[in-house]
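For reference, the structure discussed in these notes is given below.
The values are calculated or read from the model by the stated rules, or taken from the named source; none is laboratory data. Because the structure is predicted, anything quoted here is derived from the model rather than measured. Cβ sites come from the backbone with ideal geometry, for glycine too, and all protein chains shown count toward neighbours.
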Amino acid sequence: MTVPDMTKEHDLVYEGKAKRVYRTQDPRHYLVEFKDDATAQDGRKKGQIRGKGAVNCQVSAVLFSHLASRSIPTHFIRLESENTMVVRRLSMLPLEVVVRNIVAGSLAKRLGIAEGTKPAFPMVEFYYKDDALGDPLVVEDHIVALGIAARDVVASLREASCAVNRELAPFLAERGLTLVDFKLEFGWCDGGLVLGDEISPDTCRLWDSATGERLDKDRFRRDMGGIEEAYTEVLRRLTGRA
């Protein structure tokens, strides 16, 4: 697959830290281009990870396709190129849902718990999407009282995120990857909640099941080196190719 020049064929709708979104001829669909740009520490740290866009796009396609096969609706329609996909247009909720199977990252710092600690059950957290505020942690009452989403929608988000976890954790474990935690985003389409955004080494913590080696964005956050190799290894395990 080749990387097309989207600017010549499609109108740019939105550009974020990791992706560009374009209109297509079908108003129900968008084209999403994954970038090599990388950010961390609420945007204070910036850089590029060579080939990241292509890896994240293809990893997301594999995982979205698996979830769809397990009756979990996603916005993914098809790959357009190695770093672009066609998706259903969603009306996104301004929330990030984080599922934590193992303590790591900000949770370890917040609570003073050692990374690698396994809680009694997967924990679900909600964050309000606002770059200027640093995507703060919110609880259900915040979400409902401030009109971000109704209580039944919060319950549906929790249920859907746990369902994603139940499907992805064993799927990745079969490929030697431990799903430590991950971030999801959802939107409305035809009256139902649909999983959007991406599922990739940018949005998941993935540890090698045998060695504990980190194969995700933490390598960039913590200046560990070997970032491109780690991302490519995830893609290799999912698809059998680099």
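Are any residues in segment 161-208 small (Gly, Ala, Ser) and within 16 Å of Tyr127 (Cβ to Cβ), and if so, which ones? Talk me through it step by step, then tell me what you get.
Narrowing segment 161-208 to residues small (Gly, Ala, Ser): 161, 163, 169, 173, 176, 187, 191-192, 196, 200.
Result: Ser161, Gly187, Gly196.
Would you mind stating whether Ala163 is assigned to a helix (DSSP H, G or I), among the hydrophobic types (A, V, I, L, M, F, W, C) and surrounded by fewer than 18 Cβ atoms within 10 Å (Cβ to Cβ)? I'd like the intermediate steps shown before the answer.
Details: assigned to a helix (DSSP H, G or I): yes; among the hydrophobic types (A, V, I, L, M, F, W, C): yes; surrounded by fewer than 18 Cβ atoms within 10 Å (Cβ to Cβ): yes.
For Ala163, the condition - assigned to a helix (DSSP H, G or I), among the hydrophobic types (A, V, I, L, M, F, W, C) and surrounded by fewer than 18 Cβ atoms within 10 Å (Cβ to Cβ) - is met.
Examine segment 171-182 for a residue that is within 28 Å of Leu238 (Cα to Cα) and of a type in the set (Ser, Thr, Tyr), and state whether such a residue exists. First the steps, then the outcome.
First, pick out the residues of segment 171-182 that are within 28 Å of Leu238 (Cα to Cα): 171-182.
Going one step further and asking which of them are of a type in the set (Ser, Thr, Tyr), we end up with 178.
Checked against the condition, which is being within 28 Å of Leu238 (Cα to Cα) and of a type in the set (Ser, Thr, Tyr), segment 171-182 yields at least one hit.
Looking at Val97, Val103, which is the one that is modelled with pLDDT of 95 or more, assigned by TED's automatic domain parsing to the domain that holds Cys162 and assigned to a loop (DSSP other than H, G, I, E, B)? So that I can check it myself, show each step before the final result.
Values: Val97 fails: assigned to a loop (DSSP other than H, G, I, E, B).
Going through Val97, Val103 in turn, the sole match is Val103.
Scan segment 166-189 and report the pairs whose first residue is more than 27 Å from Lys129 (Cα to Cα) and whose second residue is of a type outside the set (D, E, K, R) and assigned to a helix (DSSP H, G or I), with Cβ atoms within less than 6 Å and a gap of 6+ or a chain change.
Phe171/His66
Restricting attention to segment 25-51, and to residues there that are surrounded by 18 or more Cβ atoms within 10 Å (Cβ to Cβ) and within 23 Å of Gly192 (Cα to Cα), which single residue is nearest to the chain's Cα centre (by Cα)?
Looking at the filtered set, the residue picked out is Val32.
Quick one: in segment 1-25, which of the residues that are out of contact with any strand residue (DSSP E or B) (no Cβ under 7 Å at 6 or more places or on another chain) and not in a loop (DSSP other than H, G, I, E, B) is modelled with the highest pLDDT? Lay out the reasoning, then the answer.
Narrowing segment 1-25 to residues out of contact with any strand residue (DSSP E or B) (no Cβ under 7 Å at 6 or more places or on another chain): 5, 7-9, 15-16, 25.
Filter once more, keeping what is not in a loop (DSSP other than H, G, I, E, B): 7-8, 15.
Working: Thr7: 49, Lys8: 56, Glu15: 95.
Selected residue: Glu15.
With in a helix (DSSP H, G or I) and hydrophobic (A, V, I, L, M, F, W, C) as the only criterion, which of Val154, Val124, Val194 stands out? Walk me through it before giving the result.
Details: Val124 fails: in a helix (DSSP H, G or I); Val194 fails: in a helix (DSSP H, G or I).
The match here is Val154.
I need the full set of residues from segment 78-111 which are under 28 Å from Pro27 (Cβ atoms), surrounded by fewer than 19 Cβ atoms within 10 Å (Cβ to Cβ) and among the hydrophobic types (A, V, I, L, M, F, W, C), in order please.
Leu79, Val86, Met92, listed by residue number.
Checking the structure you have, find out if any residue of segment 52-65 is surrounded by fewer than 18 Cβ atoms within 10 Å (Cβ to Cβ) and in contact with an Asp or Glu (Cβ under 8 Å, 6 or more places away or on another chain).
The answer is no, given that none of the residues of segment 52-65 is surrounded by fewer than 18 Cβ atoms within 10 Å (Cβ to Cβ) and in contact with an Asp or Glu (Cβ under 8 Å, 6 or more places away or on another chain).
Which numbered condition in (1) under 21 Å from Lys217 (Cβ atoms); (2) touching a helix residue (DSSP H, G or I) at 6+ places or on another chain (Cβ under 7 Å); (3) modelled with pLDDT of 95 or more is the only one that Leu79 fails?
Exception for Leu79: condition (1).
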